[in-house]
Amino acid sequence: MGLFGSKENLEDIRYNAMSMMEKNQPKAAISLFNKILKQNASDIDALLNKGLALNQVKKYSDAITCFDKLIEINPKDAQALNNRGIAMAENGNIQEASECYDKAIEADPKYAPSYFNKGVLLDKLQEHEDALVSLEKAISAESSVNKVKQLEKEGKVQILTQYQLSSVEGKNKIENISIKHEDGKIKKIETNYVLGFFGLIMKLGPILNWGLNLDKKHIPVNTETFETNQKGIFAIGDICTYPGKVKLILSGFHEGALAATAAIRGLNIFL
Ligand SMILES: Cc1cc2nc3c(=O)[nH]c(=O)nc-3n(C[C@H](O)[C@H](O)[C@H](O)COP(=O)(O)OP(=O)(O)OC[C@H]3O[C@@H](n4cnc5c(N)ncnc54)[C@H](O)[C@@H]3O)c2cc1C
């Protein structure tokens, strides 16, 4: 109850509950979600987050009850199905867990956490080939950083940045890798699989001060000449953008030829 016996504002309680989740205080969050559910037993958001909090405090059966209510409301809720799977797996019910992950993938074929969890489950069952297929699917479905951060929030992955691969160790298979932080400290990690991917960061540096128009860190160009908005400055390759742009070496050659021709024309040089 708030001031003068009025009901506490639902959104205030939700805000406080989510703050507790962020501060990694799931027990406090659960009692706040219960307050919301007392007012509205079908509050989807509260049901989901209460379930996540219950999983965090290892009350898996209660979490399953929570996710079941949610799935009753929306049988295609991939997040609820996935987290029900996690609770099932933790309770030792591997078959049900696997079915939950499959249902989540069926509901949302781009839902990476379920591919990931299925991969982990298969790995534990010694089905390494299938585990790898599932983990690769998780990575390709997971194109956005936010989704990876969600996995981290669920305690399923750890993100370590500012590290470079320093060494790979193992006898018949890779057993450990060591990664080196920018400050020189080395961290050894036990591994089942090592998957290599490129990470590209666009840093324009001084080009930013050239008065060029920018579109999401790319430079828009005129496709006849590949000239930018600044006369005499041309942009080709991955840095330039125009409708239908494809980032390929081949495109870069085509763009280069047109830019060079236009530049020469601009200089009034006759070859
Ligand atoms: C994993 C991967 C696979 C690919 N496979 C193919 C393929 O099979 N076939 C194909 O056609 N294309 C492929 N591509 C695309 C192709 O590599 C690019 O389209 C092409 O390399 C673009 O050439 P670029 O010269 O425009 O840019 P880049 O090759 O990226 O060169 C830009 C250079 O500028 C430097 N630079 C960046 N910022 C600054 C700055 N501020 N100051 C000074 N220098 C700077 C960078 O260090 C870099 O050396 C692939 C790309 C990736 C990532």
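Here, each number is a calculation from the coordinates, and none is a lab measurement. What you see is a predicted model, and the numbers here were worked out from it, not measured in a lab. Ideal geometry is used to build each Cβ from the backbone, glycine not excepted, and the neighbour counts take in all protein chains shown.
Observations on the model:
- Remark: the range 214-220, residue by residue, has Karplus-estimated 3J(HN,Hα) of 10, 9, 6, 6, 10, 9, x Hz, where x stands for each Gly or Pro and the curve is 6.51 cos²θ - 1.76 cosθ + 1.60 at θ = phi - 60°.
- Computed from the C-beta positions of Ser31 and Lys156 and an R0 of 30 Å, the FRET efficiency is 0.75 to the nearest 0.05.
- Helix 44-56 and the longest principal axis of the C-alpha atoms of the chain enclose an angle of approximately 80°.
- Each pair of Cα atoms in the range 205-270 enters the Kirkwood radius, and Stokes-Einstein at 37 °C and 0.692 mPa s then converts it into a translational diffusion coefficient of 271 µm²/s.
- Contour minus Cα-Cα distance for Leu10 and Lys171 (0.36 nm per residue): 52.2 nm
- Rounded FRET efficiency, nearest 0.05, which uses the C-beta distance separating Val246 from Lys23 and R0 of 41 Å: 0.35
- Order of Arg84, Arg14 under a 10 Å beta carbon neighbour criterion, fewest first: Arg14, Arg84
- Highest average packing first - 174-186, 218-230, Cβ atoms within 10 Å: 218-230, 174-186
- Tyr193-Ala257 FRET efficiency (beta carbon distance; Förster radius 41 Å; 0.05 resolution): 0.40
- Relative contact order (%) - the chain, alpha-carbon pairs under 8 angstrom, separation at least six: 6 percent
- Above-threshold pairs, the threshold being 26 Å between Cα atoms, out of Lys27/Lys149; Lys35/Lys58; Lys23/Lys58; Lys185/Lys216: Lys185/Lys216
- With contacts taken as Cα pairs under 8 Å at a separation of at least 6 residues, the range 205-270 carries a relative contact order of 27 percent.
- In the chain, the longest principal axis of the Cα atoms and the axis of helix 60-73 are about 70 degrees apart.
- Ellipticity at 222 nm from helices only: DSSP H runs of n ≥ 4 in the chain, each -39500 (n - 2.57), divided by the residue count, give -16000 deg cm²/dmol.
- Against the chain, whose longest principal axis comes from its Cα atoms, helix 112-124 is set at around 70 degrees.
- The equivalent ellipsoid that matches the C-alpha gyration tensor of the range 10-144 spans semi-axes of 28, 14, 14 angstrom, in descending order.
- Normalised by the number of residues in the range 5-70, the mean separation of alpha-carbon contacts (under 8 Å, six or more apart) gives a relative contact order of 27 percent.
- Amide H contacts of Val157: Glu152, each under 5 Å away and 5 or more positions distant or on a separate chain (H built 1.01 Å from N in the peptide plane; Pro and chain starts excluded).
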